[in-house]
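Okay, structure first, notes after.
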Amino acid sequence: MKYLRLLFIACLILSPLSALAADDGYGYPIQGSNEATILGTPATLIPKFPAAISTRQLVLDVIPDRQKPPIFFYDEGLRCTFAYQDKKAPLIFLIAGAGGSDRAPKLLTMMKAFYQAGYHVITLPSPSHSNFIISASQSRVPGDLTEDAADLYRAMEAAWKRVAGDIDVSSFDLCGYSLGATQAAFVAKLDEDRQLFNFRKVLMINPSVSLYGSVTRIEELLKQIPGGAKKQGVFFNKMLSKFSQFYRYGNFVSINDEFLYAIYTEGLYSHDETAGLIGLTFRINLAGMIFSSDVMTNRGYVVPKNRILRPTDSIFDYFLVSSHLSFFDYFNEYLYPYFQERRPGLTKQDFIESLSLRSIEGYLKSSAKFGVMTNENDFILTQSELNYLRQVFGERAKIYPRGGHLGNLEYQENIAYMVNFFK
Amino acid sequence: MTVSRYTVCLILMLTISLTGCAAIRDSTRAEVPPRHSINEFRDQRFAEVADPWEGFNRSMYRFNYYFDKYLLLPVVNSYEFVAPVFVQERISGFYNNLGEVRNLTNSLFQLKGMESVTTLGRFVTNSTLGLGGLFDPATSFGLERHNQDFGKTLGYWGADSGPYLVLPVFGPSSLRDTGGLVVDSGIRYGILAAIDPFGSTGNSLAINSGINTMEVVDARHQQSFRYYESGYPFEYYMVRFFNHQKREIESGKPLPEKSDKAAILSPP
């Protein structure tokens, strides 16, 4: 099995080398956008970090007296992970991507990298993560960039208040990936008014330019599967049976990294199937957000209105229902109506446009603190959106030739760029 | 160990009786059907596992969360704080090496010749050169570890996993695997009673309890999973699904003869 892994790594490292001569000298090995997104960075190409890092988890009471239904009994407050230096240092806030918790693997890698570079770090869950919806979202309805940024800002304030007495801070920085990157821009804008942190620099990693546009492209990945997204259960079961048959043929020791790599080196899943799996993962994530929001607001979307769910109640059917809903269902039937009630006259088009970096373009252009790091083949961006980022951020837009959506985030060169940006 | 098991049973009964009380609904407002319900979707159900005792299992899942939170994890954390990483690794090595006995008996039960030889080789190498398992030279000699247990043996010989079952402290399991756990423990205590390694010390009971307690701490130390840590509201189902599938796939029921490897790979 060791040989298989070596073979795999050799393939990864060697195959692009031939292309490198004509290419750009960028060493991230996985060419395909979907494959990079799923596989991420091979362990050997992730930088080594110190084993001992001083961290503790903060559990914050961001919204006092928040009523939590019994099914969420385990949620005791907003969870953030805090890594601290014992000397004066800058403090960087890191915001997770869609559905990510404060301990999402990519977020923890970033935390270690910044810690190693001498920063205090506080990681925040995404406003689309259940913990955030339950404990830190004022509206309990995630998806509006301005309100989510206000919630994030309140959470950062609470986190900072909690640790301010324990550490010595020289300045503040901000960084986020995916949805968290787009939100970081809005948080920075809010900070210009509030003036609490005066962020020195802000880096957006694989941001979405237009949320609606990006999600449209993720939803399109599911269209590739036979019967479309409404048959995702059939697709899931078929992919699972391929997975288990492949294991039984392969003389594998257990389901581990080698096995997962082998799936891709041997091409178990086609390009379309890989796309479908990315789309399905997104849906399963989205289901958690829809369900949590619905339970918290009691709007009767997937759970009967007024039903009080107990910790031991079965909620599996809610999982099946929520995961069959698309982002468009959520947008048209839940998110937009909610904000329409509160902002009379808000048209759907206006709302979609407000969920975009373009809506704060003037600010982004006027401030030198921003930077962008993304990839040529990130499927959440169109070519024109990529050009838009180049045009708005100029030299401060670093665009790598490949890496898909976040696939190369942990790659050594990207980590180095990320850390150096804040120097 | 016996004492701690009684304590567990006691806490268990307490939890069950408490959940009974809590189950009385206090909703006073009438329920209104939701906008979307399961009936509107014409699709296969997915990621589902037979779980007729879900209410009990979810209580147990919650019990384990509290057990971890108030007892086991504080102990594990102090252990990690006190013991240097080097010592922690040696202790894990020691228990992992003891586990090879279970791996060996079960690969023998499954008549897996090569695997039994490999496992025996690992056990002998690590017990001698590896100083009683403290070090793991066998892996660097290319002898790979094969985790086996009686639940997998049953699965290998065609026994169905049966309903999903969340055990107190041990966590996610199934009816079959719970039976397997009992058999593996029986074999282990049988061997221990037969050789009685600490019999001459006169403190056999105390030493064995110490070793067993440390084993629980080490096992939790090696396991990074934390109940409800993901914050994902359907975590129980994800854990149930992955645990069940992993066991099903790894217990490796033979494939139907007709199927062909090429057929499962996609056309390039």
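With respect to the cross-link table entries A:Lys48/A:Lys106; A:Lys231/B:Lys152; A:Lys106/A:Lys189, which display a Cα-Cα separation exceeding 21 Å? Pairs exceeding 21 Å: A:Lys231/B:Lys152; A:Lys106/A:Lys189. Give A:Lys88/A:Lys112; A:Lys201/A:Lys398; A:Lys305/B:Lys69 a once-over and call out the pairs whose C-alpha atoms are over 21 Å from each other. With Cα atoms farther than 21 Å apart: A:Lys305/B:Lys69. Each residue in A:Leu320, A:Leu260 was given a count of other beta-carbon atoms within 10 angstrom of its own, and listing them fewest first yields A:Leu260, A:Leu320.
Any idea how far the Cα center of segment A:195-212 sits from the one of segment A:251-326, in Å? When both Cα centres are located, 28 Å separates them.
Stokes-Einstein diffusion for the protein assembly as shown at 25 °C, viscosity 0.890 mPa s, with a Kirkwood radius from C-alpha pairs, works out to 89 µm²/s. Using C-alpha pairs below 8 Å separated by at least 6 residues, the relative contact order for chain A is 23 percent. Shown in residue order for segment A:233-239 are the 3J(HN,Hα) couplings computed by the Karplus curve 6.51 cos²θ - 1.76 cosθ + 1.60 at θ = phi - 60°: x, 4, 4, 4, 5, 5, 5 Hz (x for Gly and Pro). Positive end of the dipole of chain A (Cβ unit charges, origin at the Cα centre): among A:Ser54, A:Tyr249, A:Gly99, the Cα lying farthest that way belongs to A:Ser54.
In segment B:64-253, taking the dipole from charged Cβ atoms about the Cα centre, the farthest positive-side position among B:Val166, B:Val216, B:Tyr66 is held by B:Val166.
Distances between placed amide hydrogens fall under 5 Å for A:Met373 paired with A:Met204, A:Ile205, A:Asn206, A:Lys398, all partners being 5 or more residues away or on another chain. Within the same chain, aspartates and glutamates fewer than 8 places from A:Lys348 are excluded, and of the rest, those with a Cα less than 13 Å from its Cα are A:Asp144, A:Glu333. Once the dipole of segment B:64-253 is set up with Lys and Arg at +1 and Asp and Glu at -1 on Cβ about the Cα centre, which of B:Asn77, B:Tyr227, B:Gly113 lies farthest towards its positive end? Of the listed residues, the answer is B:Gly113.
Placing one equal scatterer on every Cα of segment B:64-253 and applying the Debye formula, the log10 ratio I(q)/I(0) at q = 0.09 Å⁻¹ is -0.38.
Working note: 222 nm ellipticity from helices only, DSSP H runs with n ≥ 4, each -39,500 (n - 2.57), summed and divided by the residues of the protein assembly as shown, gives -16000 deg cm²/dmol to the nearest 500.
Throughout, read-outs are computed from the coordinates displayed, never taken from laboratory work. As the structure is a prediction and not an experimental result, all values here were calculated from the model. Neighbour counts are summed over all protein chains in view; Cβ atoms, including those assigned to glycine, are modelled from backbone coordinates with ideal geometry.
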